[in-house]
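Engineer: This is the structure, below, for whatever I ask next.
The values are calculated or read from the model by the stated rules, or taken from the named source; none is laboratory data. For clarity, every value in this text was computed on a predicted model and none was experimentally measured. Heads up, the Cβs are rebuilt from the backbone with ideal geometry, glycines too, and the neighbour counts pull from every protein chain shown.
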Amino acid sequence: MYNIMIVDDEDIICDGLMSFDWESYGFKAVCSASDGAEALSLMKNLKIDVIITDIKMPVMDGLNLCTHINRMYPTCKIVLLSGYKEFEYAKTAISLGVSEYLLKPVNMNELTGLLKKLKKQLDREHGVNDMNEGLVPGEKSDGIGQHQNFTDVKYSFAVQKTIDYIRKHYPEKLTLHDVAENVQLSEGYLCARFSRETGKGFLEFLNEVRIEQAKILLKQTNLKVYEIAEKVGYSNTKYFTDVFKKITGMTPLKFKES
């Protein structure tokens, strides 16, 4: 059972959400707060897995609350609850780690759909039916097989967009600057958030995507190693070979022969 906190200065909203049948979806609404400052105070003594917060509130608004949660409780999921539909709010919220929205008045079908997605994400993060299921206890999935599951996991909007961008543009001369510019975030923030959510650095993930494609080309084509290196984004064949060996444990030619 995962703990949810409702943060809204409108009593009717708080009361309505607190009375919802959360337990049927694997959650428990443990408390509510009327503003961001009260929410942070309550979180000092409670383990909260999901925050559903309004934007416009007295004392501390929802966006400021998101900033604090992102820094102090990075594993806590944030759902923005608001009547505001303006793009600028969404753009700001994305940079603060918000990945889901519920518009007032809350549609119950949207809420239940959201809960199912959050439950799946939290289960994975807590090791319930995750990508390591079926391995020897203590053993972790390694290399390419691990990031192949990334599309099944619900990440923040910015990180998912980064993953999609890398998968589409990996053959190009790709840099963190290029991706950060594409998702409209600073390089430092994106680098830290990507690493925290995926468990991998930007370059590490990019190399794994490229080597995954190289393995396919080695097995299914007669292209030479230098040609494959160029096709997956490496201009230096020696560097490509070094990266390939580091990830797979063998050279490209040995892999092709195996």
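Engineer: Restricting attention to segment 56-111, which residues are at pLDDT below 70 and basic (Lys, Arg)?
Structural biologist: Of everything in segment 56-111, those that are at pLDDT below 70 and basic (Lys, Arg) turn out to be Lys85, Lys91.
Engineer: Hey, among the residues in segment 1-53 that are of a type in the set (Ser, Thr, Tyr) and surrounded by 20 or more Cβ atoms within 10 Å (Cβ to Cβ), which one's farthest from the chain's Cα centre (by Cα)?
Structural biologist: The extreme case among them is Ser32.
Engineer: Go through Leu253, Leu174, Leu206 for me and flag whichever is in contact (Cβ under 8 Å) with a residue 24 or more places away in the chain and over 23 Å from the mean Cα position of the chain (by Cα). Before the answer, list the steps.
Structural biologist: Values: Leu174 fails: over 23 Å from the mean Cα position of the chain (by Cα); Leu206 fails: over 23 Å from the mean Cα position of the chain (by Cα).
Answer to the check: Leu253.
Engineer: Quick test for you: out of Tyr165, Tyr226, Tyr239, pick the one residue that is part of a helix (DSSP H, G or I), within 30 Å of Arg71 (Cα to Cα) and of a type in the set (Phe, Trp, Tyr).
Structural biologist: Testing whether each residue is part of a helix (DSSP H, G or I), within 30 Å of Arg71 (Cα to Cα) and of a type in the set (Phe, Trp, Tyr) leaves just Tyr165.
Engineer: Could I ask something else about it? How do the pairs read when you match residues in segment 218-245 that are basic (Lys, Arg) with residues anywhere that are outside any helix (DSSP H, G or I), using Cβ under 9 Å and keeping only pairs 6 or more apart or on different chains?
Structural biologist: Correct list of pairs: Lys231/Pro171; Lys231/Leu223; Lys245/Thr251.
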